[in-house]
Amino acid sequence: MTGDPNSTQDNLQDIRLGHADRGFVGKIIRLDALVTGSSLSPQELEQRLVEMGFVEGARVEILHEGTIRRDPIAVRVDNITIALRRSEAMAVIVE
Amino acid sequence: MTTASLRLALVGAPNTGKTSLFNSLTGSRQKVANYPGVTVERKSGGFVTPEGRSVTVLDLPGTYSLRGRSPDEEITRDIVLGRFDGEAVPDLVLCVADATNLRLTLRLVLELKRVGRPMMLVLNMIDIARRRGVTIDLERMSQELGLPIVTSVAVRKGGVDELLKRTDEFLARSHEAAASQWTTPTIADLKAAQREADRIIAAAVTLPTKPDTLTNRIDSVVLHPVGGLVILAVILFVMFQAVFTWAQPAMELLSDGFSALGQLIHDVMPEGWGLLQSFLQNGLISGVGSVIVFLPQIIIIFLFILLLEDFGYMARAAFLMDRIMGGAGLHGRAFIPLLSSFACAIPGIMATRVIDNRRDRLTTILIAPLMTCSARIPVYTLIISAFVPATTVWGFVNLQGLVMFGLYAAGITSALTVSAIAKFFLWRDHAPAPFMLELPDYKMPRLKSIAIGVFTRAKMFLYRAGTTILSMMVLIWFLASFPTAPAGAEGPAINYSFAAMIGHALEPLLRPIGFNWQIAVALIPGMAAREVAVAALGTVYSIEGGKEAADQIGQVLAQKWTLATALSLLVWYIFAPQCASTLAVIRRETGGAKWMVVTFIYMLALAYVASFLTFNLAQALGLH
Ligand SMILES: Nc1nc2c(ncn2[C@@H]2O[C@H](COP(=O)(O)OP(=O)(O)OP(=O)(O)O)[C@@H](O)[C@H]2O)c(=O)[nH]1
Ligand SMILES: [Mg+2]
């Protein structure tokens, strides 16, 4: 259900949440856990993200970012706030 | 309670108020706080419903799904599925949801439905939802889910009345439990369930046009990349200053009280009752009393921690510290267990159950005892007040508080260093685990729950003083008083006692780090609990000083020890594994003696080396 690992540029407006800046507001297009810097397996990472409410169509907004390398980030997913590292947020494709 | 009593289980996403409900139903006082992952054990309690049914209710760790990816979530899964040893499957599952935040719990509800147990949905925190203008069409939601729904306010009097009533109604009917169709959900299952949950929410819930922005406004200050770290440092700094300055008057009062009591006993006791008098004055008052004096400090530190926990700051602190912790090879969720270890390493080690990866969990358990627990406060304070002048530096900082802050910082730094070293040597190939944590909305700390929390801690402290510490003191008093000095002996009688023999036997081992025999005597019973060392020193010096030793222990130490010895003992207490209960919990939580032995040895080695360096450096600098 996720694309091949090299296709990170499906659509010009689509970006990975892990690259987005503070203040970014968008919608989740899909999850693609194959090419992230996370230590979790793609399967496990995707499962956890879904468990925390990162599913297609959800509205996301980056509210805050950490001090060192702007990591981690606090993301508003619909109406809850989740803190996560950018390496895991790479799996979330947003527009 | 009979076997016929009905079994309820509280299940739900983390931080939805399950424990608050449990407390309110059963009248218990289990720990409640505003961050995910507070409850990590199964807790059982009983109550009788208005119609007289006796019910057993289980409080369970919060979970986002029944997958069970960490030890705490496994408990919940096993209970719900009836796989838990010695625990029958619940007759009724109360699924608890935070009414302001339904998405994740509703998905869990859909998953729970597949298990087939009779179930009721409890929309808790309905007070907050109403205040924000969230309206929920309960009938519609109940129809969509095919479940009875009840609202509750777990933290308000009468807030669970409806839940009780509906539970009675529910239990009056007979319910057929369906066979479980639960299988570990796949990603596609989860997504489908989330879509269904979102659909139900869209149909039944109207959100206010103006969402809650208070949390957001506070966060933009508290989580500011620079300002946030400054605030965190200031909070910790104020906390340790307060431990010294605010507690001072109350401590003086207590300590004067104990001195007066000792004097009174001395004056009132008839001659010839010397032994009993010595026991009361030296063993009880100088020993146990010297520990009780620290009660105000314990209260203040817990007050701070409880306020931060209830307000919702803990998860924010974890956010701010994540990179630093990750740099030291720690799991993102290690922060809260480590912060809880400031109170006591035991709940801290228990709290590591929220960590899913075994290696990450082990590392956190290994370093948790290095965080400065409240039992070290008496030791630190005693030595600091005896050797550090209470002057003000830089215009507003209490020097004693500053030293205390330094000791805490030393504990934290050493914990991070040990973790980094462990990672480098043991688990080099192990990539850092991810950090994913819900940041709950801030809540106004509730006076009553804070008061109960502080009271419980104070009671525990006094209970320990009255049991562990008291029994150790009786032993020490005995060892320090017998055998009595032979007739015509010179010097204090204690020099002829068992205590002196033991102390002198150990002294050669401890001399390189600057400890005298009196400290050696205090260290052994100090294994039972760190505060015992303070009490032991109190008793030993008080017996040694004879009848006129009405001096407070701090003044005695200032005369008898060099600064080098005092510093060495402070450093010893940063590292030394001086707590039998912590070691026992490590053994239980890691499932074997191996890691307990590892912890003991590494901490002891660190303590000895660090004290050795401190003592010799201090001597070389001429600090006598
Ligand atoms: N205003 C309000 N606050 C509540 C209510 N119920 C719980 N709280 C608060 O919500 C927070 C979480 O409560 P807990 O009972 O610890 O939640 P829990 O579900 O046991 O959490 P975990 O053990 O982490 O899964 C605490 O700060 C409570 O004081 C409620 O009905 N109204
Ligand atoms: Mg709980």
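The values are calculated or read from the model by the stated rules, or taken from the named source; none is laboratory data. For clarity, every value in this text was computed on a predicted model and none was experimentally measured. Cβ sites come from the backbone with ideal geometry, for glycine too, and all protein chains shown count toward neighbours. Note: areas computed on protein heavy atoms with side chains; ligands, DNA, RNA excluded. Shrake-Rupley method; radii C 1.70, N 1.55, O 1.52, S 1.80 Å.
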*Take every Cα pair under 8 Å in segment A:15-94 that's 6+ residues apart, average their separations, divide by the length, and report that relative contact order as a whole percent.*
46
*How big is the accessible area of B:F258 in square angstrom, nearest 10, if you roll a 1.4 angstrom probe over the protein chains?*
50
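Determine the total buried accessible area between chain B and chain A, counting protein heavy atoms only with a 1.4 Å probe; round to the nearest 100 Å². Walk me through the numbers on the way to the answer.
Values: alone 27500 and 5690 Å², together 29550 Å².
In total, chains B and A hide about 3600 Å² from solvent.
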*If one computes the Cα centroid of segment B:556-618 and of segment B:9-37, what distance in Å separates the two points?*
36
*Go through B:A192, B:L81, B:S174 and say which Cα lies farthest out towards the positive end of the charge dipole of segment B:6-212; charges sit on Cβ, +1 for Lys and Arg, -1 for Asp and Glu.*
B:A192
_Rounded, prolate or oblate (a/c below 1.5 giving rounded, otherwise prolate when a/b exceeds b/c) for segment B:552-624 by Cα gyration tensor_ = oblate
*Classify segment B:6-212 as rounded, prolate or oblate from the Cα gyration tensor: take a ≥ b ≥ c as the square roots of its eigenvalues, call it rounded if a/c is under 1.5, otherwise prolate when a/b beats b/c and oblate if not.*
rounded
*asked:* So with the 1.4 Å probe, I'd like the accessible area per residue for chain B, rounded to whole Å².
replied: 41
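Order B:K448, B:K18, A:K27, most accessible first, counting only protein heavy atoms with a 1.4 angstrom probe. Write out the running numbers ahead of the final one.
On the way: B:K448 145, B:K18 15, A:K27 100 Å².
Putting B:K448, B:K18, A:K27 in descending order of accessible area: B:K448, A:K27, B:K18.
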*Rounded tilt (10° steps) of A:42-51 against the dominant C-alpha axis of chain A*: 50
*If you take the beta carbon distance between B:L621 and B:D256 as r and set R0 to 45 Å, what does 1/(1 + (r/R0)^6) give as a FRET efficiency, to the nearest 0.05?*
0.80
_Accessible surface of A:H19 - all protein chains present, 1.4 Å probe, nearest 10 Å²_ = 120
*Inter-part distance where segment B:232-310 and segment B:434-465 are each reduced to a Cα centre, Å*: 23
_In whole percent, and with a 1.4 Å probe on the protein chains, what portion of the accessible area of the protein assembly as shown is carbon and sulfur?_
61
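When DSSP assigns beta bridges and you keep just the ones with both residues in chain B, what percent turn out antiparallel, to the nearest 5?
Details: 11 of 30 bridges.
Within chain B, antiparallel bridges account for around 35 percent of the total.
Tell me, what is the FRET efficiency for B:D85 and B:A233 to the nearest 0.05, using R0 = 60 angstrom and their Cβ-Cβ distance as r? Numbers along the way, then the final one.
On the way: r = 46 Å, r/R0 = 0.77.
Once the sixth-power term is evaluated, E becomes 0.85.
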_Estimated inter-spin distance, B:R29 and A:H19, nm [label 7 Å along Cα→Cβ]_ = 5.5
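Loop-only check: which trypsin sites (Lys or Arg not before Pro) in segment B:74-183 are DSSP coil with at most 10 other Cβ within 10 angstrom? Don't skip to the end; give the middle numbers.
Working: sites: B:R77, B:R83, B:R103, B:R107, B:K113, B:R114, B:R130, B:R131, B:R132, B:R140, B:R156, B:K157, B:K165, B:R166, B:R173; in loops: B:R83, B:R114, B:R156, B:K157, B:R173.
Those that pass, being in a loop and sparsely packed, are B:K157, B:R173.
Using a/c under 1.5 as the rounded threshold, could you call segment A:15-94 rounded, prolate or oblate? The axes a ≥ b ≥ c are square roots of the C-alpha gyration tensor eigenvalues, and prolate needs a/b larger than b/c, oblate otherwise. The partial results should precede the final answer.
Values: a/c = 1.58, a/b = 1.13, b/c = 1.39.
It comes out oblate by the Cα gyration axes.
List every DSSP H helix in chain B whose Cα atoms extend 20 Å or more along the helix's own long axis and whose mean Kyte-Doolittle hydropathy is at least 1.6.
On the way: long enough: B:187-204 (25 Å, 0.17); B:227-245 (26 Å, 2.43); B:247-268 (31 Å, 0.42); B:295-311 (24 Å, 2.22); B:313-327 (22 Å, 0.51); B:399-425 (38 Å, 1.44); B:447-464 (25 Å, 0.66); B:531-545 (21 Å, 1.05); B:593-620 (40 Å, 1.38).
Counting only whole DSSP H runs, the qualifying helices are B:227-245, B:295-311.
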_Exercise: per-residue mean of other protein chain Cβ atoms within 10 Å, B:63-71_ = 2
_B:H266 paired with B:F498, simple spin-label distance in nm, labels 7 Å along Cα-to-beta-carbon_ = 2.7
*Mind checking segment B:303-332 for chymotrypsin sites (Phe, Trp or Tyr not before Pro) that DSSP puts in a loop (not H, G, I, E or B) and that have at most 10 other Cβ atoms within 10 Å?*
none
*Would you be so kind as to list the residues of segment B:220-239 that have their accessible area lowered by at least 10 Å² in the full protein complex compared with their chain by itself (1.4 Å probe)?*
B:S220, B:L223, B:P225, B:L229
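Largest first, what is the accessible-area ranking of B:V55, B:V221 with a 1.4 Å probe?
Numbers: B:V55 0, B:V221 85 Å².
Ranked from most to least accessible, the order is B:V221, B:V55.
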*Could you name the lysines in cross-link range of B:K43, using Cα to Cα under 17 Å and dropping any fewer than eight places away on the same chain?*
B:K18, B:K31
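How high is the FRET efficiency from B:L462 to B:S180, r the C-beta distance, R0 45 Å, rounded to 0.05? If you can, show how the numbers build up before the last one.
Values: r = 48 Å, r/R0 = 1.06.
Calculated value: 0.40.
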*Quick one: how many Å² of B:R7 are accessible to a 1.4 Å probe, rounded to 10?*
60
*For chain B, which span is the longest to avoid every loop-located (per DSSP) member of GluC sites (Glu not before Pro) having at most 11 other Cβ atoms inside 10 Å?*
B:272-489
*Can you tell me the Rg and Dmax of the protein assembly as shown, counting just the alpha carbons, in angstroms?*
28.6, 99
